[in-house]
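Colleague: This is the structure I want to talk about, given as structure tokens.
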Amino acid sequence: MSLDRETWFTEQCDEGGTAFSLKIKRRLHSEQSKYQKIEVYDTERFGKLLVIDDFVMLSSRDNFVYHEMIAHPALFTHPSPRNVLVVGGGDCGTLREVLRHDTVTRAVLVDIDERVTRVSEQYFPELCESNHDPRAELLFDDGIRFVRQSGAKSFDVIIVDSTDPVGPGEVLFTEEFYSNCHRILGDHGLLVQQSESPLYHLESIIKPMYRHMRAAGFHDVRSLQFPQPVYPSGWWTYTMACRDRTISGFREASAAAKRFETVYYNAAVHSAAMAMPEFVHKALVNA
Ligand code: AG3
């Protein structure tokens with residue numbers, strides 16, 4: 001059965017030999033920015049959909065999983081996160097979650113493409129609701145250069161909320177980038193990056209990421225897994241690296257007593273997300 005192009009948006013995934021479609025009402029926005037093609041669709045059941053270069057970035061309906069899981073596990077693992085850097089994440093959903101932590105005194109977001117933020121302000125205002133928080137700084141610049149030029153030990157947590165490792169996001173998956181991240185992280189500093197599907201990208205992306213992070217000097221690397229219905233395979237990971245010590249747990253009591261609302265994240269989900277399925281564990285233990 002072929003899907004009518006008028007009523008369905010489809011993302012094809014070559015690595016999986018799969019495609020995922022959402023029934024759409026109409027396309028609300030389309031532009032070619034200086035860096036990429038940005039589109040917004042109104043879907044039948046998933047709210048609005050942000051698409052960059054034909055890849056699904058987020059939907060109104062399920063982005064809470066992605067954004068809560070990229071921010072809270074790292075922020076509840078660091079003993080006292082104050083200065084946080086978000087690289088990419090121009091839709092600002094990650095920044096909003098970071099700013100829920102009252103230990104955070106400064107959150108810098110550096111995305112190369114200002115148009116992603118402007119489009120998100122228009123179509124996903126809920127994700128941008130903390131952009132005017134006095135602790136937030138939005139910079140539209142090259143994240144690689146920003147990290148290269150930042151001073152030693154200037155951040156406690158770095159969150160890389162990138163696209164797939166193709167196009168402008170590719171350089172964010174390299175050892176050189178991780179070395180600079182390592183240098184600008186303070187004591188017990190953590191780097192966390194979206195690391196694609198455990199089912200499709202274990203060998204091609206997650207394993208090399210472990211190698212590059214370790215080669216860059218990170219002492220320990222661990223992945224977390226969670227469902228993400230709109231991404232290829234519906235199953236996704238983040239990979240977290242600690243600058244100078246083993247990631248053995250998190251501030252569980254603080255997470256359990258968190259003073260902000262979440263939809264997906266809680267202390268039990270955090271513990272569960274750290275548990276590695278057998279095939280993932282085997283692949284990564286000696287990566
Ligand atoms: N970041 C994109 C994650 C990768 C999606 N990949 C895909 N659809 N093939 C999302 C940014 C959300 N802040």
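Colleague: Going by the conditions given, is Phe20 open to solvent by 10 Å² or more (accessible area, probe 1.4 Å), farther than 30 Å from Cys181 by Cα, part of a strand (DSSP E or B) and within 10 Å of the ligand (Cβ to nearest atom)?
Modeller: yes
Colleague: Would you confirm whether or not region 34-54 contains a residue that is within 10 Å of the ligand (Cβ to nearest atom), surrounded by fewer than 19 Cβ atoms within 10 Å (Cβ to Cβ) and not in a helix (DSSP H, G or I)?
Modeller: From region 34-54, those within 10 Å of the ligand (Cβ to nearest atom) are 50-54; that's our starting set.
Now drop any that are not surrounded by fewer than 19 Cβ atoms within 10 Å (Cβ to Cβ), which leaves 53-54.
Filter once more, keeping what is not in a helix (DSSP H, G or I): 53-54.
Scanning region 34-54, I find at least one residue that is within 10 Å of the ligand (Cβ to nearest atom), surrounded by fewer than 19 Cβ atoms within 10 Å (Cβ to Cβ) and not in a helix (DSSP H, G or I), so the answer is yes.
Colleague: Same structure again: On the basis of being out of contact with any Ser or Thr (no Cβ under 8 Å at 6 or more places or on another chain), open to solvent by 10 Å² or more (accessible area, probe 1.4 Å) and within 16 Å of the ligand (Cβ to nearest atom), does Tyr264 make the cut? Outline the logic, then answer.
Modeller: On the way: out of contact with any Ser or Thr (no Cβ under 8 Å at 6 or more places or on another chain): yes; open to solvent by 10 Å² or more (accessible area, probe 1.4 Å): yes; within 16 Å of the ligand (Cβ to nearest atom): yes.
Answer is yes for this residue.
Colleague: Tell me, which residue of region 274-287 that is at pLDDT 95 or above and small (Gly, Ala, Ser) is surrounded by the most Cβ atoms within 10 Å (Cβ to Cβ)?
Modeller: Ala283
Colleague: Now a separate question. Name the residue, out of Ser197, Ser204, Ser271, that is closer than 25 Å to Asn63 by Cβ, open to solvent by less than 10 Å² (accessible area, probe 1.4 Å) and not hydrophobic (A, V, I, L, M, F, W, C).
Modeller: Only one candidate qualifies: Ser197.
Colleague: Looking only at region 244-254, decide whether some residue is more than 16 Å from the ligand (Cβ to nearest atom), surrounded by 17 or more Cβ atoms within 10 Å (Cβ to Cβ) and free of Cβ contacts under 8 Å to residues at least 60 places away in the same chain.
Modeller: The answer is no, given that none of the residues of region 244-254 is more than 16 Å from the ligand (Cβ to nearest atom), surrounded by 17 or more Cβ atoms within 10 Å (Cβ to Cβ) and free of Cβ contacts under 8 Å to residues at least 60 places away in the same chain.
Colleague: Looking at region 157-216 only, could you name the residues that are of a type in the set (Gly, Ala, Ser), touching a helix residue (DSSP H, G or I) at 6+ places or on another chain (Cβ under 6 Å) and under 16 Å from Val87 (Cβ atoms)?
Modeller: Scanning region 157-216 gives Ser162, Ser195, Ala216.
Colleague: Also, quick follow-up: Find the residue count for region 62-114, including only residues that are in contact with a His (Cβ under 8 Å, 6 or more places away or on another chain) and either free of Cβ contacts under 8 Å to residues at least 24 places away in the same chain or closer than 28 Å to Gln32 by Cα (or both).
Modeller: 3
Colleague: Return only the number of the condition from (1) under 30 Å from Glu121 (Cα atoms); (2) within 16 Å of the ligand (Cβ to nearest atom) that Pro198 does not satisfy.
Modeller: In the conditions (1) under 30 Å from Glu121 (Cα atoms); (2) within 16 Å of the ligand (Cβ to nearest atom), Pro198 misses (1) alone.
Colleague: Can I ask one more? Output the qualifying pairs, or none if there are none: Cβ atoms under 6 angstrom, residues six or more apart or on different chains, first residue in region 219-231 and under 16 Å from Phe9 (Cβ atoms) and assigned to a loop (DSSP other than H, G, I, E, B), second residue within 14 Å of the ligand (Cβ to nearest atom) and among the acidic types (Asp, Glu).
Modeller: Within 6 Å, the pairs are Pro229/Asp62; Val230/Asp62.
Colleague: When Gly88 is evaluated against the numbered criteria (1) over 19 Å from Gly189 (Cβ atoms); (2) near the ligand (Cβ under 9 Å from one of its atoms), which criterion, by number, is the only one it fails?
Modeller: Unmet for Gly88, out of (1) over 19 Å from Gly189 (Cβ atoms); (2) near the ligand (Cβ under 9 Å from one of its atoms): (1).
Colleague: From the list His132, His78, which residue is more than 15 Å from the ligand (Cβ to nearest atom) and surrounded by fewer than 18 Cβ atoms within 10 Å (Cβ to Cβ)? Show your work before the answer.
Modeller: On the way: His78 fails: surrounded by fewer than 18 Cβ atoms within 10 Å (Cβ to Cβ).
Selected residue: His132, the only one of His132, His78 that is more than 15 Å from the ligand (Cβ to nearest atom) and surrounded by fewer than 18 Cβ atoms within 10 Å (Cβ to Cβ).
The values are calculated or read from the model by the stated rules, or taken from the named source; none is laboratory data. Owing to the predicted nature of the structure, the values given are computational and were not obtained by experimental measurement. Because the Cβ atoms are built from the backbone with ideal geometry, glycine has one as well, and the counts that use them run over all protein chains shown. SASA here: full protein model, heavy atoms, side chains in, ligands and nucleic acids out. Shrake-Rupley method; radii C 1.70, N 1.55, O 1.52, S 1.80 Å.
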